[in-house]
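First comes the structure, then the notes that go with it.
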Amino acid sequence: MSAADPDSGSAAGSDPTPMPGRAAAAARWREILDHTSDVIFAVRVEPGNRFVYEDVNAAVERLGLPAAAFRDGTHTVAELLPKAAAEQTIAQYAACVAARAPVEFEQQIPTPVGVREFCTKIVPVLDAQQQQVVRLVGFGQDVTERKRTEQALRESQERFSRIFHLVPASISLARMDSGMLVEVNQGFERVSGYSRAEVIGRTADELNLWWNNAERDRLVEAMRARGEVQNMELWARRRDGRRMLLSISARAVDVAGVAMRLSIVYDITARKQTELALRESEARMEAAQSQAQIGSWTLDLESGTGFWSRQMFGLFDLEPGEPPTLSEVEAMIHPDDVAPMRAAMRAVAETGVPGNFEHRTNPDRCRLRHLEAHILAARDAGGVITGLSGTLQDITHRKQVEEALRESERRLQRLLQNSNDLFMVIDAQGRFLSVHGPVEAVLGYTPAEMLGRSGFDDIHPDDMEVATSTLRQTLSNPAVAYRNEYRTRHKDGHWVTMETVGTNWLHDPGIRGVVLNSRDITERKRLTELQTAKAQAEIANRAKSVFLANMSHEIRTPMNAILGFTQLLLRDANVTPDQRERLKTIDRNGEYLLALLNDVLEISKIEAQRATLKVGPCDLRALLRDLHAMFAARTTAKGVALGFEGLSDLPSRVIADEARIRQIFVNLLGNAVKFTDAGKITVRIQTSRQEDGHWLVRAEVQDTGPGIASEELGRLFRQFEQADAGRRVGSGTGLGLAISREFARMMGGDITVQSELGRGSRFLVTLQLRAAPEAMTESELRPRARVLRLAVDQPACRVLVVDDQEDGRRMLVELLQGVGFDVTTAANGLEAAARFEQRPCHGVIMDLRMPVMGGSEATTRIRALDSTGQVKVIGLSASVLREGDEPLPGFDAFMGKPFRDEELLERLRQLLGVRYDYDAARKDDMRVRRPAGPVPPAFVGPLRRAVEAADLDAVLALVAEMSAEAPALAAQLREMADRFAWDELAQVLPAP
């Protein structure tokens with residue numbers, strides 16, 4: 001059957017029309033059907049509930065759907081419709097086939113022109129034997145706009161109904177011809193005393209609402225003449241017979257072709273009584289003030305002189321005395337109110353009619369007040385106006401109250417218009433009688449779906465007892481509003497936490513239910529839980545920071561002494577070669593232990609956002625060449641090729657944190673060497689100059705190692721996390737990559753990774769580095785040689801060393817005296833101040849944490865005692881929660897413990913301007929070019945494996961064993977290992 005041939009597939013008879021006639025008829029049918037707005041289609045029914053579209057009219061193209069696909073007889077419902085719509089359609093088609101009867105249903109179908117709603121009817125077509133349904137013919141009417149219009153109409157009616165019934169004024173709708181009341185709101189019930197049921201269908205005359213017929217006729221005549229009235233006041237009668245004064249505004253409206261009178265009525269009886277009482281009270285008050293001269297004044301128009309009562313002076317914050325002149329008074333009035341005041345006084349002086357006005361005082365002359373002025377004309381015996389008199393009242397508080405009331409009313413209106421709360425009424429069994437507010441947004445149900453439904457059906461089982469208990473309390477005590485929290489199920493199944501206040505209004509005939517004010521507090525509860533968790537995390541983080549600070553101080557303080565004295569001994573020319581090797585072992589392992597501690601503490605500083613960059617001149621080319629030299633021996637020992645590309649394109653001078661950059665590449669190259677046993681490691685460098693003058697450096701570190709599984713890439717940069725290859729090797733803390741990425745991000749870049757198991761890894765580093773000034777010299781980029789002593793022509797330089805740790809003081813004394821400084825010591829801040837007062841010095845090295853008096857207070861005292869203002873103070877601390885370049889109040893520099901002797905001597909050079917003699921060559925007597933002898937055969941194999949694996953600990957252990965058999969060679973090999981000279985170590989070994 002096709003959309004162009006409505007008779008095809010009929011089970012009864014055949015069409016006797018000749019073929020040409022039939023074709024013409026079919027064409028006419030097709031043209032007619034293609035011009036209809038409804039979608040008409042034919043579906044072939046195949047076994048297994050498989051439905052194939054055979055034909056469709058052109059209406060489907062207006063929805064943006066391909067008509068050809070619906071007409072070629074090969075596409076199923078599931079292929080042409082979105083999944084949800086297809087499932088619903090197939091179910092309805094199957095129902096039609098099963099019932100062998102027409103089926104009607106509504107459905108939503110997403111189309112290229114948007115989601116459309118259809119009212120669809122499908123009709124089964126049976127085969128010739130009337131046994132099987134072979135086709136379905138469908139008619140789909142697009143009812144999207146109708147649905148939207150109906151929904152908008154319902155919402156409009158609901159809004160009007162809510163407004164109509166919630167407005168506090170009395171509102172009624174009555175027929176113009178008969179006066180019969182058609183609708184009233186709750187305000188009408190309150191004003192008249194009649195219930196809605198009692199007044200609908202009756203007239204005001206039948207209800208005896210008019211106080212007399214004259215009042216009624218006055219309203220009727222005004223409506224007939226003008227079609228409306230505004231604020232007409234007339235007397236009416238309540239149901240209980242009491243007389244009331246009403247303010248009526250009415251207008252003729254057309255409702256469905258019927259002339260109606262819409263009336264808005266206010267009961268102003270009490271207001272009128274209040275206004276009358278207020279006028280009487282004001283008259284009495286004015287008389288009392290006039291007699292007592294409270295806040296009163298007089299002014300003679302001819303002389304300009306007058307009188308002020310004592311209270312008048314107080315209103316302008318003046319001391320009682322001579323009254324000010326009129327110009328002086330105007331200076332004390334707010335500039336914006338001077339002209340109105342003049343006009344009011346002029347009017348009274350010219351007409352004699354009493355006047356009053358409000359004005360403000362000038363805040364530049366006295367405290368700002370709002371004043372209410374009353375002015376009277378003073379006449380002589382002949383009735384001529386000769387002066388003015390009046391009173392002033394401070395109405396500041398009243399103005400504040402009025403403004404607060406207006407603001408409160410504005411807030412209330414905004415709350416009512418934009419409230420997120422639900423206002424609901426339930427009966428004694430918990431069934432919803434009415435629902436207002438954004439219920440669909442909160443609970444997923446429409447107000448219509450909520451009506452008649454029990455609120456207890458969706459309450460969480462754990463909260464059921466609380467909810468039922470609260471309702472029982474509310475029902476038993478109407479005078480109390482009860483509050484509770486509970487969880488209720490959203491229409492889609494998730495739980496929503498509600499806070500509800502319930503009040504019993506069952507006794508109120510207009511409500512007859514329990515009024516619930518409910519609010520969705522799900523997000524608030526979640527935020528509270530998050531805040532609690534955050535507070536707990538902050539407490540734990542603070543505890544960790546305290547622990548790390550204490551641990552840092554307790555470990556780094558003795559480490560300072562260990563490394564310091566080791567460096568002092570290494571500077572001693574009398575140390576024997578064996579002793580030097582032992583000292584280097586202590587120094588190397590101490591540095592390794594410090595590096596491990598620094599990694600953990602570096603992460604803590606990063607987490608606390610305390611890590612900073614120590615920027616300075618940096619030669620990138622030299623840095624990367626050093627890295628190549630450092631790792632070339634290790635890769636050569638393992639038989640792995642190491643290549644650096646793009647070094648020539650690097651800027652030689654930049655301003656950057658060289659130590660951080662070095663650490664990034666050492667971590668990445670160290671990992672590549674550790675995990676790559678064959679193939680190559682390639683470092684590719686690209687740079688480009690940015691518009692802001694910075695250099696963008698892009699570096700790739702690519703290896704042919706085992707690679708990293710995709711599921712492990714996500715945790716590769718997490719702290720204390722390692723990939724599977726790292727866990728198998730069993731070395732490392734899992735901090736290197738995390739720290740390196742943070743350093744890169746601090747330099748405006750990042751580190752990313754691409755890897756595949758069995759294919760190696762590729763790490764991409766990006767850095768934003770500041771360009772160095774062109775005038776920077778090579779000497780600024782090149783580190784200095786080792787300090788031997790103060791220069792011969794250097795004047796004496798006195799230094800005060802302050803540290804509560806005796807080992808720390810002794811180490812500094814030996815270092816500084818060995819170089820040539822004149823050194824004095826103190827064990828705490830108080831003693832340091834006394835030493836400085838007795839013998840001023842050029843520089844102070846001050847520990848921060850000391851008993852009796854800390855370093856900061858001691859520095860303040862020394863600054864006060866320094867008459868020259870030239871003393872330089874270096875702060876020392878084992879705490880790691882400070883950065884080396886971070887300023888300290890009162891200090892010229894800061895250094896963390898432990899430190900290298902060269903660092904301290906260089907800092908003293910910068911601050912004190914001293915000059916040194918340097919050991920520029922820095923030659924080591926233990927370094928020789930030729931091996932001291934052959935490697936004993938028993939050590940050749942193990943030592944080769946250790947060198948190829950770049951396993952420093954294994955090499956040092958083998959060298960220690962070798963020292964008994966070949967001490968000279970062992971000392972030489974130990975020296976090579978200390979320099980990581982893997983290529984030299986490999987050359988010492990015989991060929992395999």
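Restricting Ala633, Ala659, Ala637, Ala678 to those that are out of contact with any strand residue (DSSP E or B) (no Cβ under 8 Å at 6 or more places or on another chain), more than 19 Å from Val753 (Cβ to Cβ), at pLDDT 85 or above and not in a strand (DSSP E or B) reduces the list to Ala678.
From the residues in the stretch 649-708 that are buried (at least 17 other Cβ atoms within 10 Å of the Cβ) and of a type in the set (Asp, Glu), which one is nearest to Ser761 (Cα to Cα)? For the stretch 649-708, the residue satisfying everything is Asp703. Looking only at residues of the stretch 241-261 that are over 54 Å from the mean Cα position of the chain (by Cα) and open to solvent by 90 Å² or more (accessible area, probe 1.4 Å), we find that the one that is farthest from Glu198 (Cα to Cα) is Arg243. Scanning the stretch 305-328 for residues being outside any helix (DSSP H, G or I), within 15 Å of Arg367 (Cβ to Cβ) and touching a residue at least 40 places away in the same chain (Cβ under 8 Å) gives a total of 3. Looking at Ala11, is it of a type in the set (A, V, I, L, M, F, W, C), modelled with pLDDT of 85 or more and closer than 23 Å to Asp127 by Cβ? Here the answer is no, as Ala11 does not meet what is asked.
Of all residues in the stretch 860-873, exactly one satisfies the criterion of being touching a strand residue (DSSP E or B) at 6+ places or on another chain (Cβ under 7 Å) and either charged (D, E, K, R) or more than 22 Å from Val914 (Cα to Cα) (or both), namely Lys872. Filter the stretch 207-227 for residues that are in a loop (DSSP other than H, G, I, E, B) and either without any contact (Cβ under 8 Å) to a residue 12 or more places away in the chain or open to solvent by 60 Å² or more (accessible area, probe 1.4 Å) (or both) and give the result. Within the stretch 207-227, Asn208, Trp211, Asn212 meet the criteria. Residues in the stretch 54-81 that are open to solvent by 50 Å² or more (accessible area, probe 1.4 Å) and either farther than 28 Å from Ala27 by Cβ or outside any helix (DSSP H, G or I) (or both): Pro66, Asp72, Thr74, His75, Ala78, Glu79.
Any idea which residue in the stretch 847-866 is farthest from Leu830 (Cα to Cα), counting only those that are of a type in the set (Gly, Ala, Ser) and open to solvent by 30 Å² or more (accessible area, probe 1.4 Å)? Per the criteria, the residue is Ala864.
Listed by first and then second residue, the pairs linking a residue in the stretch 329-356 that is surrounded by 12 or more Cβ atoms within 10 Å (Cβ to Cβ) to a residue that is hydroxyl-bearing (Ser, Thr, Tyr) and not in a loop (DSSP other than H, G, I, E, B), with Cβ atoms under 8 Å apart and 6 or more places separating them unless they lie on different chains, are Met332/Thr361; Ile333/Thr361; His334/Thr361.
Quickly run through the stretch 38-53 and pick out the residues that are more than 20 Å from Pro110 (Cβ to Cβ) and either of a type in the set (Asp, Glu) or part of a loop (DSSP other than H, G, I, E, B) (or both). If the condition is that a residue be more than 20 Å from Pro110 (Cβ to Cβ) and either of a type in the set (Asp, Glu) or part of a loop (DSSP other than H, G, I, E, B) (or both), then Glu46, Pro47, Gly48, Asn49 are the ones that fit.
In the stretch 119-170, of all residues being part of a loop (DSSP other than H, G, I, E, B) and open to solvent by 50 Å² or more (accessible area, probe 1.4 Å), the one that is modelled with the highest pLDDT corresponds to Gln132. If you go through the stretch 599-628 and keep only what is assigned to a helix (DSSP H, G or I) and modelled with pLDDT of 75 or more, you end up with Leu620, Arg621, Ala622, Leu623, Leu624, Arg625, Asp626, Leu627, His628.
Among the residues of the stretch 692-713, none qualifies, meaning not one is of a type in the set (D, E, K, R), modelled with pLDDT of 85 or more and either over 28 Å from Thr636 (Cβ atoms) or assigned to a helix (DSSP H, G or I) (or both).
Could you please find all residues in the stretch 171-199 being assigned to a loop (DSSP other than H, G, I, E, B), farther than 21 Å from Asn231 by Cβ, open to solvent by less than 60 Å² (accessible area, probe 1.4 Å) and not small (Gly, Ala, Ser)? Result: Tyr194, single match. Can you find a residue that is surrounded by fewer than 21 Cβ atoms within 10 Å (Cβ to Cβ) and either of a type in the set (Val, Ile, Thr) or not assigned by the TED database to the domain that holds Arg907 (or both) anywhere in the stretch 825-834? Checked against the condition, which is being surrounded by fewer than 21 Cβ atoms within 10 Å (Cβ to Cβ) and either of a type in the set (Val, Ile, Thr) or not assigned by the TED database to the domain that holds Arg907 (or both), the stretch 825-834 yields at least one hit.
The values are calculated or read from the model by the stated rules, or taken from the named source; none is laboratory data. Since this is a predicted model, take the numbers as computed values, not measurements. Heads up, the Cβs are rebuilt from the backbone with ideal geometry, glycines too, and the neighbour counts pull from every protein chain shown. Note: areas computed on protein heavy atoms with side chains; ligands, DNA, RNA excluded. Shrake-Rupley method; radii C 1.70, N 1.55, O 1.52, S 1.80 Å.
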